[in-house]
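As structure tokens, the structure follows; a few thoughts come after it.
Read-outs: derived from the displayed coordinates by stated rules, not from any lab. Model, not experiment: these values are computed from the prediction. Quick reminder, even Gly has a Cβ in these numbers, built from the backbone with ideal geometry, and neighbours come from all protein chains shown.
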Amino acid sequence: MKFSRREFLKLGLAGGMALAFPFFGASACSGPGESPTGKGSTGALLRSRATLPRPFTAPLTVTKVLEPARSDASGDHYEVVQKAGRQEILPGLKTEIWGYNGTFPGPTVEARSGRSAVVRQWNELSVPVSTHLHGGKTPPGSDGYPTDLILPLGQEAQDGHSPDSPSRHFHSETHSHGFKDYEYPNAQRAATLWYHDHRMDFTGPQVWRGLAGFYIVRDEDDDALPLPKGEQDVPLMICDRSFDEDGSFLYPSLDPSLLGEPGVEDDYMEGVLGDAILVNGAPWPFMEVSNTRYRFRVLNASNARRYELALDPEPPDGSLSFVQVGSDGGLLGAPLLHRTIPISQAERFDVVVDFSRYPVGTEVTLKNRLGAGTTADVMRFRVARRERDDSTIPRQLSDMTEFDGLTESRATVERGEFRFKRISENGRTMWGINGEPFDPERMEARPELGSVEVWNLDTDAHHPIHLHLVQFKVLSRNGERPRPTDAGWKDTVDLASGEEAKVIARFDGYRGRYVFHCHNLEHEDMMMMANFEVI
Ligand SMILES: [Cu+2]
């Protein structure tokens, strides 16, 4: 019988060692360069028991676009059913997934800027859910607040895991039964957003089981650019997973029913890292491309894994691999060239890759420079044919007057440090902000509607920090200029251990309560989240 560290603790077998280990074991695999499997990521590797397939044998699939159930003058109305499904992810094995419409990834929603969408989410799973549109400027009642749950029909709200848990507040929260209508005004510029589960204490396991999908906002300005379009505009959802012998997802939940005690075995409190890399749900897929430019909307939908994406071989003409045209919040003002792209959980990079730089017949691998062994590869492109290319990358992409105008002198309030650090809660190591675990009742900040604020963020491990409602600008990193990949409108900033950032945002759109949190989903579930209320 295998004891988890937690069980050892309960039995009093491990003593002080068990308390000390999570601290020092943690930092040993969180810094750059230490563990081959966790390099650049804060987390512990969970090894698959299933035989993993040879890479580059499964074709990349592009997730299908969701058709509205109806459209009228007011906007588009969608119906989505969250339910279990069975998918062949590993060849010859079936994996039970939890998915939007029973698929993983969920269907892609294509929205128009300025045209509202209402998504009716049905819950046919065995657990409560809450759906968040990441990067969306969404009214508070539709933002997928962690306790704003859709309960399965016939299920009552539960008290959560322990009597003194913040989930005691469940009874004072609003719940829906069976379904909920999420209203997305889409009063925002074109951008690659994504939607995923956000249930308090259980986001990690529920996203791991498959509750994630793309939500792409388009507008006339973006459409009018001569960037690659149609089949050459490809969303790529990258995430890591681990598989049990029978093909089912492995995840170290304390209670796999996800109805009792939340959290993961102590060995994984740093975060859960899988050893299989999936793109759009397929393990290390290949994609046949023509010798033209492609626009890839890259999303890191992993729970805890960071990547540093690179092309192998690099373009033979010596040019840099990626031309970044967009960030979390849509187009940049002007394109940026990168040799590699570091991408933390929940970040999006909109990049153009020009395959005309490679001879037809070349195989180009998308590598993860932070990975080792099975996690060093992401997917492969085969330059299979010649094709006429009408696309170009214009020197000017979008009007950034508003972005450029967000300067420190415009801010009326400066807040923080917000310290994203380990805490001890009831004798357990957890994650907190300013020493506090998440509590739905406590407001960490009350920005005024329309005001500009500077927030200071700092960390003790790798924490990708995400603010709901707003897109911000990274003003500085560690007191210096932001790095090139911090450019543009951001809703998530990738902070490594001991880093600090100063970000600036205008808190406009809606009054109400929103969260900000670490997007390492195990950290988020273990309380690294706080509220702000726009007043
Ligand atoms: Cu974190």
Phi-derived 3J(HN,Hα) across segment 288-299 with the Karplus relation (6.51, -1.76, 1.60, θ = phi - 60°), rounded Hz, x for Gly and Pro, is 7, 10, 8, 7, 10, 7, 10, 9, 10, 9, 8, 10
With n ≥ 4 as the cut-off for DSSP H runs, can you work out [θ] at 222 nm for the chain, using -39500 (n - 2.57) per run divided by the number of residues, rounded to the nearest 500? -2000 deg cm²/dmol
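Could you compute the net charge surrounding Pro316? Neighbours are other residues with a C-beta less than 13 Å from the C-beta of Pro316; K and R count +1, D and E count -1.
Residues close to Pro316 contribute a combined charge of -3.
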Under the classification rounded if a/c is under 1.5, otherwise prolate if a/b is larger than b/c and oblate if not, where does segment 466-506 fall, given a ≥ b ≥ c as square roots of the Cα gyration tensor eigenvalues? prolate
For a quick check: with amide H placed at 1.01 Å from N, whose amide H comes under 5 Å from His134's, ignoring anything fewer than 5 positions away on the same chain? Trp194, Tyr195, His196
Over segment 179-231, what per residue volume does the convex hull of the Cα atoms give, in whole Å³? 134 Å³
Segment 480-535: Rg to Rh, with Rh as the Kirkwood radius over Cα pairs: 0.99
Is the shape of segment 296-344 rounded, prolate or oblate, going by the alpha carbon gyration tensor and its root eigenvalues a ≥ b ≥ c, with a/c under 1.5 for rounded and a/b larger than b/c for prolate? oblate
Lysines whose Cα lies under 17 Å from that of Lys473, excluding same-chain neighbours fewer than 8 positions away: Lys137, Lys490, Lys502
Of the peptides 282-293, 453-464, how do they stack up when ordered by the mean number of other Cβ atoms within 10 Å, highest first? 453-464, 282-293
Decide, for segment 401-534, between rounded, prolate and oblate: order the square roots of the alpha carbon gyration tensor eigenvalues as a ≥ b ≥ c, take rounded if a/c falls under 1.5, and otherwise choose prolate if a/b is larger than b/c, else oblate. oblate
Could you tell me the convex hull volume per residue, in Å³, taken over the Cα atoms of the chain? 145 Å³
Using a 7 Å offset from the Cα along the Cα-to-Cβ direction at both Asp390 and Glu220, what is the distance between the two label points in nm, to one decimal? 2.0 nm
Unit charges on C-beta of K, R, D, E only; dipole of the chain, Debye: 1000 debye
Taking amide H positions as placed 1.01 Å from N in the peptide plane, with prolines and chain starts having none, which residues 5 or more places from Ile423, or on another chain, fall under 5 Å of its amide H? Met430, Trp431, Gly432
Sum of side-chain charges, Ala190 neighbourhood, beta-carbon under 14 Å (Lys, Arg +1; Asp, Glu -1): -1
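Counting other beta carbons within 10 Å of each Cβ, put Phe202, Phe179 in order, fewest first.
Going from least to most buried by this count: Phe179, Phe202.
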So which lysines pass the test for Lys83, namely a Cα distance under 20 Å, with those fewer than 8 places away in the same chain ruled out? Lys64, Lys94, Lys180
Which whole-Hz ³J(HN,Hα) couplings does segment 347-359 yield from phi under the Karplus relation 6.51 cos²θ - 1.76 cosθ + 1.60, θ = phi - 60°, glycine and proline marked x? 6, 10, 10, 9, 10, 9, 10, 9, 7, 6, 6, 10, x
How many angstrom separate the Cα center of segment 357-410 from the Cα center of segment 263-320? 12 Å
Peptides ranked, highest mean first, by Cβ atoms within 10 Å: ranges 362-369, 237-244: 237-244, 362-369
